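Every number in this text was worked out from the coordinates using simple rules, so none of it is lab data. These numbers were taken from a predicted model, which means no experiment stands behind them. Note that we place each Cβ from the backbone using ideal geometry, even for glycine, and neighbour counts take in every protein chain shown.
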Amino acid sequence: MGKSESRMTSFNHRMKKNHKNIVRIIQGLTVFSLVLTGSLKAQEKITLQQAVEEALENNVQIKQAQLNAALSEENLTESKLARLPTLNAGSSLNFNFGRSVDPFSYQFVNQQITSSNGSIYTSIPLFQGGLLHQQILQNKYLLEADKSTVQKTRNDLSLNVVTSYLAILNNQDLLTAAKQQLEIARQQLNRVQKQYEAGGKTLADLAQIQAQVAASELNVTNAQNQLDLSYLDLSQLMERDPASEFEIVRPLIDEENQVNSAYSAAEVYSQAVQQYPDIKAMEYQRLAAERGVSAAKSSLYPRLSFQGSAASGYSSRGQHIIGVDDNGPIYGKSDFGSQLSENFNQTIGFSLSIPIFNGSSSRIGVRRAKIRYQNAEYAEVLAKNNLNKVINQAVLDLKAAEKRYYSAKSAYESSKTAFYAIEQRYNVGLVNSLDYNQSQTDLNQAEFDVIQAKYDLIFRSKVIDFYLGNPLTF
């Protein structure tokens, strides 16, 4: 053997050792990272129901919607109390200097006068063209609209939580499948490594298997990243600190028995339109706008109210007759109590206001209210049309997801059969490494497809349950 051949043999030997060392390092690092990632997960277990409840309790948008409903409730209470009489009291204390009129003797005096008075006043609305009644009804409908908005926000959040929960389950299954595929690829690498060292396989065969292992490791990494992101999404929906780690409880899901795809879009819409919060909110907004028209028309009618008051006062100049002499009456200073009794007066009356011309503001207000009502009508129609469109799409998506799931299952079974046959032939040298790797890749993809199709089918089914108002549980 020449020197060049000896150097080539030595080089090939070193290459074989390097390949073995690199493979072992990669295997060790991958195992370590998977173990470390698994150990980092917190021990807290959260079920779907707990996740939904925590999200509903902590969500800021729900709290804001509840505050808006609370404001509407206060508006309703205020409009109801507006039918009651008003009662107010007042008083004043005045100091006059120089020449002025005594407010009680009505005489001009040129000295300091201290005076005070007090009064109590009431007013009762008798007729306002139905304004108060219409405002009560309007505020009642606005309150119901805000309550529906609260329910809409709760429902939307619940669906988002279920979606994120399913995403975690999906990514967990994808990660498990990716790890299993990685283990199979490593086992195959060990066999080919031994065959290569024994001279039964070429360096190209070994490189192909190593590439397959690297691809499987990348699949594991990608699956882990997607799982971490789905956990982050669920954590954010629950308003949790992202550093607070947890695990979800895996429910027992039998997708084939749990999913019902025999839905009619017309039937789903007919049921959904009766209780869907988005539609109810638009309906109450329309009813409130209708009452707004009636309230605006009330400004065209006369308004009648009753008023009553009682008042009295005191002045430092207050006097009363204490006797009579040859020069006439003799006056003495009146005390505080006497003046209050002497100056006490009462007033009752009616106030009638008849609108004649006010720059057409009342009629403009009526036309403006009618425009709001028409806009509310269109908004309700638009909401119903959108709901009908979304439900029809959801029903079609569910049926398509069911077909895709069973097709994916069939394709997976076929890929398993094909891979098993090619693996047997590859092990005896009847199939090259390229065909083997392609079959392995096809099997991996088929398994991923069936997992994703399974959870897509479950999600599409839950969307229909969402519109029907059914509990979003497994």
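Q438 to T221: FRET efficiency via 1/(1 + (r/R0)^6), r the Cβ-Cβ distance, R0 25 Å, to the nearest 0.05?
Details: r = 22 Å, r/R0 = 0.88.
Efficiency computed from Cβ-Cβ geometry: 0.70.
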Starting from 0.36 nm per residue, how many nanometres of slack lie between N58 and L382 once their C-alpha separation is accounted for? 113.5 nm
Please give the per residue volume of the convex hull enclosing the alpha carbon atoms of the stretch 315-433, rounded to a whole number of Å³. 459
Run the quick spin-label model on K416 and I330: label points 7 Å from Cα toward the beta carbon, then report their separation in nm to one decimal. 12.7
Folded to 0 to 90 degrees: helix 3-40 orientation relative to the chain principal axis, Cα: 30
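With an 8 Å cut-off on Cα pairs and a minimum separation of 6 or more residues, tell me the relative contact order of the chain in percent. Please list the in-between numbers first.
Details: 590 pairs, mean separation 101.3, N = 474.
That works out to 21 percent.
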Computed over the chain: longest principal axis from alpha-carbon atoms vs helix 433-468 long axis, angle to nearest 10 degrees, is 20
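For E267 and D241 in the same chain, what is the full-extension length gain: residue separation times 0.36 nm, less their Cα-Cα distance, in nm? Intermediate values should be presented prior to the final figure.
Details: separation 26, 0.36 × 26 = 9.36 nm, distance 4.20 nm.
Extra length available between E267 and D241 comes to 5.2 nm.
State to the nearest 20 debye the size of the charge dipole of the chain about its Cα centre, where the only charges are +1 on K and R beta carbons and -1 on D and E beta carbons.
Working: 47 positive and 46 negative charges, 256 e Å.
For this selection, approximately 1240 debye.
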Leading residue at positive end of dipole, the chain (Cβ point charges), from T221, I209, I46: I209
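I need the per residue convex hull volume for the chain, using only the alpha carbons, in cubic angstrom as a whole number. Working shown, then result.
Numbers: hull volume 138.1 nm³, N = 474.
Hull volume normalised by residue count: 291 Å³.
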I want to check the label-to-label distance for L229 and E342. Put each point 7 Å from Cα in the C-beta direction and report it in nm to one decimal. 9.2
Residue among F357, L387, I422 farthest towards the positive dipole end of the stretch 339-474, charges placed on Cβ: F357
Test of understanding: express the Cα radius of gyration of the stretch 368-474 as a ratio to 2.2 N^0.38 Å, with N the residue count. 1.85
